[in-house]
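Taking it in order: structure first as structure tokens, then the write-up.
The values are calculated or read from the model by the stated rules, or taken from the named source; none is laboratory data. Just so it is clear, the model here is predicted, and its values are computed rather than measured. Cβ sites come from the backbone with ideal geometry, for glycine too, and all protein chains shown count toward neighbours. The area values use the complete protein model at the heavy-atom level, side chains included, leaving out ligands, DNA and RNA. Shrake-Rupley method; radii C 1.70, N 1.55, O 1.52, S 1.80 Å.
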Amino acid sequence: MSTNDRLDFCRRLAADAGRLAHSTFGRAAVLPAKGRHDEVTAMDREVERVVRERIARAFPQDAVLGEEDGASADVGSAEFVWIIDPIDGTANYARGIAHYCVSIGVLHRGTPFVGALHDPSHERLYWAARGAGAWLDENGATRRLAVSPIATLDGATVECGWSLRVPQADYLALFARMLSAGCAVRRAGSGALGLADVAAGRTEGYAELHINSWDCAAGLLLVAEAGGRINDFFAGDGLLAGNPILATNATLADSLATLAGIPFR
Ligand code: IPD
Ligand code: CA
């Protein structure tokens, strides 16, 4: 199987899964929460079920890791690992806020290989393959993505992702350091779309003190292939336990790494 086989399949799968998710947008069946501010809907589960089934049929030798159903037994040994976030931005989705997506990334021997991310509310399909650029299909056209050229912190907009996995004081300190340095700060509720915004040059950075691999596997590749800088997210146990994340452009990389306390290595 070549890169193209998995890339084409991944793009089609993300597009179909995004359409499926969007079919109940605005009338989502919200299930009992997994934890405080950790919501889940019936559609999160359904999208992951469908995506896993299609991967298993097309690439039975590949491992799978998903937000809702966890890791397959071969996740540590398989050559390729598919990483699925069936709905990223579930809290938005559950509230009828049109800022969510389906994210599917593939690792080859532990390194991002291909990825696709579908934002069905805006009919945007983002995709990337290692060494082949980051791209956006929108309004019937495909365009190559490039990170923002903005080089000053007081001209930068940085999204700081938030979850209860990190102590509130640490998040507030991160937020305060970014604001004090002159950045505009936002938190829109989808790490995957936050990374797509960096790749598309709409924002200058995405930082979060802990994020899971399903939130960022596709988005990290988008930013890297759009000419940006990403930290070594998959170092250590990043795949299964998550890690801090930082994604930005080359000129802001050093100063944002210091501000966020997240090195690029
Ligand atoms: C969350 C979102 C959020 C990020 C969190 C994630 P979910 O995923 O991506 O923006 O800050 O770290 O857990 O719950 O919407 O799938
Ligand atoms: Ca997620």
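Details
- Taking Y171, Y126, Y93 as the candidate residues, the one with maximal mean-square fluctuation in a Gaussian network model of the chain, Cα springs under 10 Å, is Y171.
- Rounded Å value of the spacing that divides the Cα centres of the stretch 203-265 and the stretch 11-69: 24
- Note on the chain: with a GNM built from Cα contacts shorter than 10 Å, the maximum mean-square fluctuation among P60, P86, P244 falls on P60.
- Fully extending the segment from A141 to S23, taken as 0.36 nm per residue of separation minus the present Cα-Cα distance, adds 40.1 nm.
- In a simple Cβ point-charge model (Lys, Arg +1; Asp, Glu -1; nothing else charged), the chain has a dipole of about 280 debye relative to its Cα centre.
- Among the GluC sites (Glu not before Pro) within the stretch 21-89, those in coil by DSSP and having at most 16 neighbouring Cβ atoms inside 10 Å are E79.
- For D69, distant residues with modelled amide H under 5 Å away: none
- Among the trypsin sites (Lys or Arg not before Pro) within the stretch 97-182, those in coil by DSSP and having at most 14 neighbouring Cβ atoms inside 10 Å are R109, R165.
- Annotation: per residue accessible area for the stretch 90-238 equals 37 Å², rounded to a whole number [probe 1.4 Å, protein chains only].
- Accessible heavy-atom area order of M43, M178, highest first, probe of 1.4 Å: M43, M178
- Residue-by-residue Karplus 3J(HN,Hα) for the stretch 85-93, coefficients 6.51, -1.76, 1.60, Hz, glycine and proline x: 10, x, 9, 9, x, 4, 4, 5, 4
- The candidates S121, S77, arranged from most to least accessible area with a 1.4 Å probe in the full protein assembly, appear as S77, S121.
- Angle between the chain longest axis and helix 3-22 axis [Cα atoms, degrees, rounded to 10]: 90
- Of the residues T251, T90, ranked by 1.4 Å probe accessible area with the largest first, the sequence reads T251, T90.
- From helices alone, the chain scores -10500 deg cm²/dmol at 222 nm; the rule is -39500 (n - 2.57) for each run of n ≥ 4 DSSP H residues, then divide by the residue total.
- Dipole axis of the chain (+1 Lys, Arg; -1 Asp, Glu on Cβ), positive-most option in L145, A94, I230: L145
- Debye log10 I(q)/I(0) for the stretch 1-116, one point scatterer per Cα, at q = 0.13, 0.23 Å⁻¹: -0.48, -1.25
- Viscosity 1.567 mPa s, temperature 4 °C, Stokes-Einstein D of the chain from Kirkwood C-alpha radius, µm²/s: 71
- Restriction of the GluC sites (Glu not before Pro) in the stretch 110-200 to DSSP coil positions whose beta-carbon has at most 14 other beta-carbons within 10 angstrom yields no sites.
- In whole percents, the pair-distance distribution calculated for the stretch 43-190 from its alpha-carbon pairs, binned every 5 Å from zero, is 2, 8, 13, 16, 17, 18, 15, 7, 3, 1, 0.
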